[in-house]
1. Pairs needed: first member in region 282-296, without any contact (Cβ under 8 Å) to a residue 24 or more places away in the chain and among the basic types (Lys, Arg); second member anywhere, open to solvent by 10 Å² or more (accessible area, probe 1.4 Å) and part of a helix (DSSP H, G or I); C-beta distance under 9 Å; at least 6 residues apart or different chains.
2. Name the single residue that is farthest from residue 129 (Cα to Cα) among those in region 238-266 being part of a loop (DSSP other than H, G, I, E, B) and of a type in the set (S, T, N, Q).
3. Taking residue 229 and the conditions (1) without any contact (Cβ under 8 Å) to a residue 40 or more places away in the chain; (2) surrounded by fewer than 19 Cβ atoms within 10 Å (Cβ to Cβ), which numbered condition does it fall short on, given that it satisfies the others?
4. What do you reckon, is residue 172 assigned to a helix (DSSP H, G or I), free of Cβ contacts under 8 Å to residues at least 40 places away in the same chain and within 25 Å of residue 301 (Cβ to Cβ)?
5. So residue 114 ticks every box in (1) among the β-branched types (Val, Ile, Thr); (2) touching a helix residue (DSSP H, G or I) at 6+ places or on another chain (Cβ under 7 Å); (3) part of a loop (DSSP other than H, G, I, E, B) but one. Which box is left unticked?
6. Return the residues of region 79-96 that are open to solvent by 50 Å² or more (accessible area, probe 1.4 Å) and either free of Cβ contacts under 8 Å to residues at least 24 places away in the same chain or in a helix (DSSP H, G or I) (or both); say none if nothing qualifies.
7. Restricting region 103-120 to residues that are over 17 Å from the mean Cα position of the chain (by Cα) and under 22 Å from residue 33 (Cα atoms), which is least open to solvent (accessible area, probe 1.4 Å)?
8. Given the structure, is residue 70 in a strand (DSSP E or B) and either among the aromatic types (Phe, Trp, Tyr) or free of Cβ contacts under 8 Å to residues at least 12 places away in the same chain (or both)?
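The values are calculated or read from the model by the stated rules, or taken from the named source; none is laboratory data. What you see is a predicted model; the values in this text were computed from it and never measured. Glycine gets a Cβ as well: all are built from the backbone with ideal geometry, and neighbour counts include every protein chain shown. Heavy atoms of the whole protein, side chains included, go into the accessibility calculation; ligands, DNA and RNA do not. Shrake-Rupley method; radii C 1.70, N 1.55, O 1.52, S 1.80 Å.
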Amino acid sequence: MYKNLFYSLVGCILTFGLFSCESKPKSSRTDTYSSGAISFASDESFSPIIEEERVVFEAMYPKAKVTPIYTNELEAVNLLLSDSLCLAITSRNFTKEEFDNLRAKGYQPVAIPIAEDGLSLICHRQNTDSCISVKDVRRILSGEATKWSDIVPGSKRGEIWVCFDNPSSSTVHYCVDSILGGKPINSPNIFAAESSKDVVDYVEKTPNAIGIIGSNWLNDKRDTTNTTWKKNITVMSVSKLDVATEMNSWKPYQAWLLDGKYPFVRRIYALLNDPRRGLPWGFAHFIEQPKGQLIVFKSGLLPIRGEIMIRDVNVNSE
C-alpha cells in the first residue's frame, strides 16, 4: 500500500511540474547584451542623435540589430507600458503611477539619463526680431499674444504662426509642463506638422512663423564646433528677463545649456523595461558610456556623463 501511495505521489508531483512548466509564458527572444535583433521606440525629435548612436553601435557589434520606431512621445511610452517593446527614448522619466504599475507586475523599470537638449525656437532667416523673452513665449502659447506687434511694438509682420512637430510629442509636453505650468496651449495660430523636418521647412517658407523644435535637429553637420546652425532659418535667442535684448538673450549652445543661461532645457531618458537585460540594455548603456556620450557631445547636445570645461578665450586680431 505504501509503495502504491509513493508512486501516486510521484505521479502527482511530475504531473504538477509538467503543468507548471507548460503554464509559464515562453519568451521568443534570443537577444543578448550585444547580439540579436530588437525594436525600440523614440520620440521623433531625437531621431538625428539616435540614428548616429545606432550606426556606431551596430558597427561595434556586428551581430546586433536595433531598429528604431520614430513616433511621438506618448505612443513611445504606451508601447513600452504595453510590453510591445522594452526601450523607449523620451524627454521624461516614468511617472510614479507608471513605475508602480510595472513593479506590481513583477518588472524592474529603469530610467537612464543620456543627454540634455535645448528646446529651440526658430524663425525665418529674414526676421530681424529674433530675440524673445520667456514671458513672451508664454504669452504666445497661452493665446495672449497672437501678433508680432503684441511682442514687438510697431512690427508689421502680422500674425504669429507657431508650428510644432507633433501634437503628442515631447516638445508639446515640455511647453505645457515647463513653460505654461500645466495649462494647455491655447491659441488659434498654433498647429502641429508631421515631423521636425516639416517644422523647419514651414518656417523657411513663412516669414511670420515661429517653429519649436529640438536643437539636435539644427546643427550644421559641416561645423565640427557645434556653434553654427542650418543656414536656411534663424535660431532665436531667449531671455529670462521680461524684455529681451541681444545682450541678455541666449541661443541653445552647449555652453549656455551647461551654465543655465538658456532657459529651455530638457533631459533625455532611455526608459527600460527589460527583464532579460538583453539588447535593449546593451544599446541604452552604450549611449550613456564614453563612446556614446562623445556622440552626444559632437551632435551639439549636452552629455550627462563626463566633465565639460568652459574657458574664455581672448582673440588677438593683430
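1. So the pair list comes out empty.
2. 248
3. Going through (1) without any contact (Cβ under 8 Å) to a residue 40 or more places away in the chain; (2) surrounded by fewer than 19 Cβ atoms within 10 Å (Cβ to Cβ) one by one, residue 229 breaks only (2).
4. yes
5. (3)
6. Listed by number, the residues that qualify are 82, 84, 95, 96.
7. Ranking the qualifying residues of region 103-120, first place goes to 109.
8. Spelling it out, residue 70 is indeed in a strand (DSSP E or B) and either among the aromatic types (Phe, Trp, Tyr) or free of Cβ contacts under 8 Å to residues at least 12 places away in the same chain (or both).
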